[in-house]
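Notes for the one structure printed next.
The values are calculated or read from the model by the stated rules, or taken from the named source; none is laboratory data. For clarity, every value in this text was computed on a predicted model and none was experimentally measured. Positions of Cβ are generated from backbone atoms using ideal geometry, with glycine treated the same way; all protein chains shown enter the neighbour counts.
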There are 2 protein chains.
Amino acid sequence: MADYDEPIWLRPERAATGRPAVRSRPEITAAALAVADRGGLDMVSMRNVAAELGTGGASLYRYVSGRGDLLDLMVDAAAGGVELRPPTGDPVADLVAVGEGLYAVMRRHRWLPELVLTRPTLGPNAVEVLDHVLALLADHPGDAGSRLEVFALLNAVVATFALNDHAAPDRPARAAAYLAHVAATGDHPRITALLDGPAPAPAPDHRAALAKILTGLLA
Amino acid sequence: MADYDEPIWLRPERAATGRPAVRSRPEITAAALAVADRGGLDMVSMRNVAAELGTGGASLYRYVSGRGDLLDLMVDAAAGGVELRPPTGDPVADLVAVGEGLYAVMRRHRWLPELVLTRPTLGPNAVEVLDHVLALLADHPGDAGSRLEVFALLNAVVATFALNDHAAPDRPARAAAYLAHVAATGDHPRITALLDGPAPAPAPDHRAALAKILTGLLA
DNA sequence: GGAGTTCGCGAACGGTGTTCCCGAAGTCTA
DNA sequence: TAGACTTCGGGAACACCGTTCGCGAACTCC
């Protein structure tokens, strides 16, 4: 029937019989989060997470089918930290507020934007956020696909902002270095002009940009 | 002065003296592209790319400072395949056209969306695209930051579409499976209603969504 | 022709995800 | 209570990864 593996949240956490497991899925999630917060995403190895729990590396496979599951659990755990305020009646403003909540979580967990962008995952907590977004869109016309599209793009746009702001700060710096070089050669007048502006990029207003994007998307 | 490494395009390709290198940066880029097109991103290992060239694995480090450089070269090479048509005068329509060009390239190279999203990189070819976008925005008010923001978001939005459509098709399927489960429980009426729509998501219109986003962003 | 420099790359190091296997520990049945 | 049964924990091993080291060969320049 299904040629893809079931998501971890559809698989039973522990067996009913036999020796009971000493650790739980939330405990493992917490350990992975701690490792990632401390050392970044690529410190999240099976052995490191196991060491955080004080266990052997192979034991994790009793709780999780591989590293991918670990990352999925982390994403959804983070989604649980998104603040969901009651709707005010203005869909755009309320969606921007959700975006701010997402951004705040991504600021706390600098590894999150990358995961949100490359492996969009829906777990229990993310479903709660999705449900909230659907509530904000209740009075708005549009089919199921377009509503899901709003949700996906809200996530992606905020993650893009957060990634450039906090997660990979040296990458924009590298791009800027190359841009400066191109500007110096003078072969691209528009780029030269771009970098001769008054202030050297005074931190663009993400909130305003997100509001404009959502306004357009809901028009 | 700079605490980040220079991008590869600012480093000289080959030394002026000594034994001349037998291969070139474009050759290595082409080999990496071939490996990635054939087997996906995580087949792009130093040893695999070297084998594609018929050389030893360690030789690559004469041309590239590490795997990251390889990925940067791949992204920029792909950017060289984006079709840039002359402006028609309608900024939104012209930006959508650029988006279509990006999407077409990402369809050809299924590994590209992930790289575009997680390691935004500016090389010579990408600068050409940026320059084109700046030309489209020439008559439009806005400071340097907002122009770069338009460019970054255009890339990110298209990459998000392409990722969900082609690059990781089993991931949306997994999310859909979990969503169906949540809908079946009935705890989230809005989600249950969402999946009871007429057609089961008849492929959302990316072009229209992108046009709306850009319209809002440029408003 | 000699000095100087770079190139190619085999070998090695430490780390990774994952699988195998088996003794230990618990639950369930008789 | 005794035994059958099932799962759990985790050491060991496998294949692969990115990267560094070092050295002989190849080439340029003086």
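Per-structure values
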quantity: Unique match (being in contact with a helix residue (DSSP H, G or I) (Cβ under 9 Å, 6 or more places away or on another chain), near DNA strand D (Cβ under 8 Å from one of its atoms) and within 13 Å of B:TRP111 (Cα to Cα)) among B:VAL35, B:VAL75, B:VAL44; calculated: B:VAL44
quantity: Scan of segment A:58-72 for residues that are small (Gly, Ala, Ser) and more than 13 Å from DNA strand D (Cβ to nearest atom), ordered by number; calculated: A:GLY66, A:GLY68
quantity: Selection count, segment B:15-26, where residues are surrounded by 12 or more Cβ atoms within 10 Å (Cβ to Cβ) and more than 10 Å from DNA strand D (Cβ to nearest atom); calculated: 3
quantity: Residue in segment B:119-177 that is surrounded by the fewest Cβ atoms within 10 Å (Cβ to Cβ), counting only those that are among the acidic types (Asp, Glu) and at the interface with another protein chain (Cβ under 9 Å from one of its Cβ atoms); calculated: B:ASP170
quantity: Index of the failed condition, A:PRO86 passing every other in (1) exposed (fewer than 14 other Cβ atoms within 10 Å of the Cβ); (2) of a type outside the set (S, T, N, Q); (3) within 12 Å of DNA strand C (Cβ to nearest atom); calculated: (3)
quantity: Hey, B:GLY197 at the interface with chain A (Cβ under 8 Å from one of its Cβ atoms), surrounded by fewer than 18 Cβ atoms within 10 Å (Cβ to Cβ) and over 13 Å from the mean Cα position of the chain (by Cα) or not; calculated: yes
quantity: Some residue of segment B:62-82 being outside the structural domain of B:ASN125 (by TED's automatic domain parsing), within 13 Å of DNA strand C (Cβ to nearest atom) and buried (at least 16 other Cβ atoms within 10 Å of the Cβ); calculated: yes
quantity: Residue count, segment B:200-213 (criterion: surrounded by 17 or more Cβ atoms within 10 Å (Cβ to Cβ) and either touching a Phe, Trp or Tyr at 6+ places or on another chain (Cβ under 6 Å) or at the interface with chain A (Cβ under 7 Å from one of its Cβ atoms) (or both)); calculated: 5
quantity: Among (1) over 22 Å from B:THR185 (Cα atoms); (2) more than 16 Å from DNA strand C (Cβ to nearest atom), the one test that A:LEU10 misses; calculated: (1)
quantity: Segment A:1-60, residues that are part of a helix (DSSP H, G or I) and either within 14 Å of chain B (Cβ to nearest Cβ) or of a type in the set (Phe, Trp, Tyr) (or both); calculated: A:ILE8, A:TRP9, A:LEU10, A:LEU41, A:ASP42
quantity: Helices (runs of 4 or more DSSP H) wholly inside segment A:64-179 that include at least 1 residues being small (Gly, Ala, Ser); calculated: A:67-79, A:91-108, A:124-136, A:144-162
